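Step one of this worksheet: look at the structure below.
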Amino acid sequence: MRTKWAVFLIFCAYVMTLAALALPGRAEDEKVRLPVIMYHHVCADPARAGDYVVTPETFENDLKYLQEQGYTAISVAELLAWSRGEGELPEKPVMLTFDDAQDSFRVYALPLLEKYGMCAVVAVVGDYADEYTASGDTNVNYAYMSWDAIGEIAASGRVEIASHTQSMHSPSGARRGCQINPGEDEASYTQTFGADLESVESSIVRATGKSSAAFAYPFGFTCAEAERVLVSHGFSVAFTCTERVNVLSHEPMELLRLGRFNRRSGPSSAEFFGAVL
């Protein structure tokens, strides 16, 4: 009897050892491929379509294609919950983002998101929202959303609002986007960038009742100093303009360097997504 019991214990130890050895494989299986698509302006005039402008028809075809291929649009909140080990992601996740918060998103894109049951992240430039709040101009061909409109889309349940800086949306001039300048004192930069973030964030909270967890780098200009400031101000997700599929593994810092594919006009949905998914 003792011999049988000893054999049983050895067998159990063997099974537990195999299970332990298998754990790295399971962790590897938990990695998720997440393509992120970057849109900007949506315009009904095909003559205006270009590198940063698509027609409503193109956007709708994109949503149809993703749905037919089994992709599910996910939110920043869902991504963060998964990263913390508190939730699951769909088998084929994708994230849709819109930079600059032009009013064409509210007019054309949001109804299509509702039609196809998808969600998106809209990155707001504070200066633009301030300007069009003051002017009241809602010309869909060029206007940016007012703060009231931003609150409206956030209340839809289909949209999360991200920060795109208050006054640093420029590719040149005083600085490139929100990058630190060559020779700039890091403490001074931290104060300058931090003040910019606090300015746009206070407006986002007033408009939506929620703070932002996500940030979109203007023009994709990144730097280590900016990343440190973002973390210190509570941001957990940051979008670059590096065109690559993200392979995620529950490492928090990887969410601060998410790649995105710019959706330009021209290629069909099958051609565009065939090259990036």
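Bear in mind these aren't lab numbers, they're just calculated from the coordinates by the rules spelled out. Bear in mind the structure is a predicted one, so any value in this text is a computation, not a measurement. We place every Cβ from the backbone using ideal geometry, glycine too, and count neighbours over all the protein chains shown.
Reported to the nearest whole Å, the Cα centre-to-centre distance from region 85-161 to region 181-209 is 22. The calculated P(r) of region 97-188, using every Cα pair and 5 Å bins from 0, goes 3, 13, 22, 20, 15, 11, 8, 5, 3, 1, 0 in percent. Summary value for the chain: 22 percent relative contact order, contacts being C-alpha pairs under 8 angstrom separated by 6+ residues. Highest mean packing first, where packing is the average number of other Cβ atoms within 10 Å per residue, the peptides 163-175, 206-218, 182-194, 246-258 line up as 206-218, 163-175, 246-258, 182-194.
So what's the net charge close to Ser199: Lys and Arg +1, Asp and Glu -1, counting the other residues with Cβ under 12 Å from its Cβ?
-4
Simple point charges give the picture: +1 on the Cβ of Lys and Arg, -1 on the Cβ of Asp and Glu, and for the chain a dipole about the Cα centre of about 1160 debye. If each of Gln191 and Ser135 carries a label point 7 Å out from its Cα toward its Cβ, how far apart are those two points in nm? According to this spin-label approximation, the distance is 3.4 nm.
Over all directions, the projected convex hull of the C-alpha atoms in the chain averages 19.5 nm² in area.
Each part gets one Cα centre, and for region 53-74 versus region 247-277 those centres are 14 Å apart. For the chain, the antiparallel share of DSSP beta bridges with both residues in that region comes to about 15%. Charge tally for Leu63 (other residues, Cβ to Cβ under 15 Å; Lys, Arg +1; Asp, Glu -1): 0. Val229 sits among other residues whose Cβ lies under 10 Å from its own Cβ, and their net charge, with Lys and Arg +1 and Asp and Glu -1, is -3.
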